[in-house]
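Take a look at the structure set out below.
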Amino acid sequence: MNSLISISHVARVYKIGTEEIYALRDVSLEVNKNEYLALMGPSGSGKSTLMNILGCLDSPTSGEYVLNGISVAQMTDNQLAEVRNKQIGFVFQTFNLLPRSTALENVMLPLVYAGMPKRERENRAKEVLAQVGLSNRMTHKPNELSGGQRQRVAVARALVNNPAIILADEPTGNLDSKTSVEIMGLFEEIHKNGNTIILVTHEEDIAHHAHRIVRLKDGMTESDSVNKEITNYATRTEKIS
């Protein structure tokens, strides 16, 4: 069984005064290793809440989340912190880079938390910055980089610990269309290297880079389908080669 993520009948309820707001109602989802999945839906559909639960940043009110065969509800705070640092790489719409630190220092940060020696941290950070095409921008601070370059730094930081899963929340939301295409090409390369990618987006053209699209509406799964455009293209390419 290849299942990396398994969530069963997950609900997330927020209490505001006496009112209960259902962000998620009854969501079940299986994600296998090396899948490339897009979570789609309009604002308020629950996709960001689901992303936070998948990233162990939030807990479901009910239901179960099993990550790599382990029930997340049974994990201690320290185990959850370790999962977030070592198994999951996060990429956000707003980049979330430290403004006074260089690209290299930003990428090294998760390795500091992981307790890796300085020389090894530098070497690994340089390796992933080269992988995302930023070898010549390592000493630049975020304000000296374009939006696309900042997002590449954020992607490198997400990759630096060799995580099994990359969670990307609207990663092209602050980018122009040309740069968005470049960043999505980068995600395709990362997927080919064996990572599982879960992408949250409300943009159809961005979602169509993924191999599977799950649509949420009113906190529930509306549809879950394979992206035939990509799978048909992949099949045709295999036959030709």
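The figures follow:
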read-out: Residue tally, condition surrounded by fewer than 20 Cβ atoms within 10 Å (Cβ to Cβ) and of a type in the set (Val, Ile, Thr), over segment 171-187; value: 2
read-out: Cβ-Cβ under 6 Å pairs, at least 6 apart or on other chains, segment 2-15 side free of Cβ contacts under 8 Å to residues at least 24 places away in the same chain and assigned to a strand (DSSP E or B), far side among the β-branched types (Val, Ile, Thr) and loosely packed, with under 14 Cβ neighbours inside 10 Å; value: TYR14/ILE21
read-out: Residue match in segment 106-124 (condition: surrounded by 15 or more Cβ atoms within 10 Å (Cβ to Cβ) and in contact with a Gly (Cβ under 7 Å, 6 or more places away or on another chain)); value: no
read-out: Count - residues of segment 129-157 that are closer than 17 Å to ILE198 by Cα and open to solvent by less than 10 Å² (accessible area, probe 1.4 Å); value: 4
read-out: Residues being in contact with a Pro (Cβ under 9 Å, 6 or more places away or on another chain) and either open to solvent by 60 Å² or more (accessible area, probe 1.4 Å) or of a type in the set (Gly, Ala, Ser) (or both) - total across segment 206-226; value: 1
read-out: Boolean, ALA168 is within 19 Å of the chain's Cα centre (by Cα), crowded, with 22+ Cβ neighbours inside 10 Å and not in a helix (DSSP H, G or I); value: yes
read-out: Residue within segment 78-98 that is of a type in the set (Val, Ile, Thr), part of a loop (DSSP other than H, G, I, E, B), free of Cβ contacts under 8 Å to residues at least 60 places away in the same chain and open to solvent by 70 Å² or more (accessible area, probe 1.4 Å) present; value: no
read-out: Condition met for LEU109 (of a type in the set (A, V, I, L, M) and touching a residue at least 40 places away in the same chain (Cβ under 8 Å)); value: yes
read-out: Any hit, segment 29-44, residues being among the hydroxyl-bearing types (Ser, Thr, Tyr), surrounded by 14 or more Cβ atoms within 10 Å (Cβ to Cβ) and over 18 Å from the mean Cα position of the chain (by Cα); value: no
read-out: Test: residue in segment 83-92 that is at pLDDT 95 or above and not hydrophobic (A, V, I, L, M, F, W, C); value: no
read-out: Checklist (1) at pLDDT below 95; (2) in a strand (DSSP E or B); (3) surrounded by 15 or more Cβ atoms within 10 Å (Cβ to Cβ) applied to ILE190, failing item; value: (2)
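The values are calculated or read from the model by the stated rules, or taken from the named source; none is laboratory data. Just so we're clear, the structure is a prediction, and the values are computed from it rather than from any experiment. Quick reminder, even Gly has a Cβ in these numbers, built from the backbone with ideal geometry, and neighbours come from all protein chains shown. Heavy atoms of the whole protein, side chains included, go into the accessibility calculation; ligands, DNA and RNA do not. Shrake-Rupley method; radii C 1.70, N 1.55, O 1.52, S 1.80 Å.
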